[in-house]
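Written below as structure tokens is the structure these notes are about.
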């Protein structure tokens, strides 16, 4: 599964919603939750709209997956838990849905969280059916951030 996640990270780096969609089984779609989204997306079309909006906002996306654990749920379905570190740089000309300058345009952000994903083994390769990014509480997150920064110096 680690290799599928590496390929998924490459699809994100391509900043192409259709490249991301190739990793999913739309007919079995269950949910998608990005940490910055205020709600779960529960329909495939909602997720495609969200990704296509990101295509207009992002200049660079780098994801790194680590500590991958697989939990079989049935013969054809498994849950995959992974740590995810992310870095995003926003386009200088990014605009929001209303056409106004995006508040983070030209800026970079980074962070880390955990991902719980669901995969189906129908077909030739495993495909995603669910995705939830789960950051730690603010206190734990900031403690970990300072610890990581201290280790880099």
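Structure notes:
- Set 84, 109: member being without any contact (Cβ under 8 Å) to a residue 60 or more places away in the chain, under 15 Å from residue 23 (Cβ atoms), touching a strand residue (DSSP E or B) at 6+ places or on another chain (Cβ under 7 Å) and assigned to a strand (DSSP E or B): 84
- Going through (1) surrounded by 14 or more Cβ atoms within 10 Å (Cβ to Cβ); (2) at pLDDT 95 or above; (3) under 19 Å from residue 106 (Cα atoms); (4) under 14 Å from the mean Cα position of the chain (by Cα) one by one, residue 54 falls short only on (2).
- Among the residues of the range 7-16, those identified as surrounded by fewer than 18 Cβ atoms within 10 Å (Cβ to Cβ) and under 12 Å from the mean Cα position of the chain (by Cα) are 9, 10, 13.
- Long-range neighbours under 8 Å by Cβ, at least six apart or interchain, first residue under 22 Å from residue 68 (Cα atoms) within the range 1-19, second modelled with pLDDT under 95: 1/68; 2/68; 4/125; 5/68
- Set side by side, the residues 149, 118 differ, and just one is surrounded by 12 or more Cβ atoms within 10 Å (Cβ to Cβ) and either out of contact with any strand residue (DSSP E or B) (no Cβ under 7 Å at 6 or more places or on another chain) or part of a strand (DSSP E or B) (or both), which is 118.
- Output for the range 27-48, where each listed residue is surrounded by 13 or more Cβ atoms within 10 Å (Cβ to Cβ) and in a helix (DSSP H, G or I): 28, 44, 46, 47, 48
- Boolean, residue 75 is part of a strand (DSSP E or B) and at pLDDT below 95: no
The values are calculated or read from the model by the stated rules, or taken from the named source; none is laboratory data. Remember, it's a predicted structure, so these values are computed and weren't measured experimentally. Using ideal geometry, Cβ is built from the backbone for each residue, glycine included, and neighbour counts are taken over all protein chains shown.
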